[in-house]
Amino acid sequence: MRMRDGLVRAVVLVVTVSLTLVLLPIAINVGTGGTAPAFLEPYVGLAWPLIGVLWAATIVTAFLEVRNRRLPVVSSRSADQPRNRTNAAHCSPASSAGCCTS
């Protein structure tokens with residue numbers, strides 16, 4: 001499941017960055033008086049709303065990336081996994097009244 005989440009995040013990031021790096025400059029150019037490519041000519045009136053949508057998509061994607069990188073990674077390990085045995089023996093409730101300091 002973790003790899004799938006990472007893959008989805010990567011795909012969303014690549015698609016968002018690709019769209020904004022290509023479409024946002026074109027939309028700004030058209031919105032500020034430039035000429036649109038022939039295939040975009042029918043959509044010239046939508047230049048400013050498109051700029052707003054692409055800007056918002058960029059901000060949301062950046063916010064989600066920053067938030068996801070700050071969230072702690074929760075890893076669950078079963079109690080009988082070999083990596084836990086040393087810690088369990090060292091910090092058992094019988095030793096030091098359940099207090100493990102090292």
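The values are calculated or read from the model by the stated rules, or taken from the named source; none is laboratory data. Everything numeric in this text was worked out from a predicted model, so none of it was measured. In case anyone asks, the SASA skips ligands and DNA or RNA and just uses the protein heavy atoms, side chains included. Shrake-Rupley method; radii C 1.70, N 1.55, O 1.52, S 1.80 Å.
Key figures for this structure:
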quantity: Order of exposure, largest accessible area first, which applies to 21, 40 with probe 1.4 Å; calculated: 21, 40
quantity: Probe 1.4 Å - accessible area at residue 30, Å² to nearest ten; calculated: 20
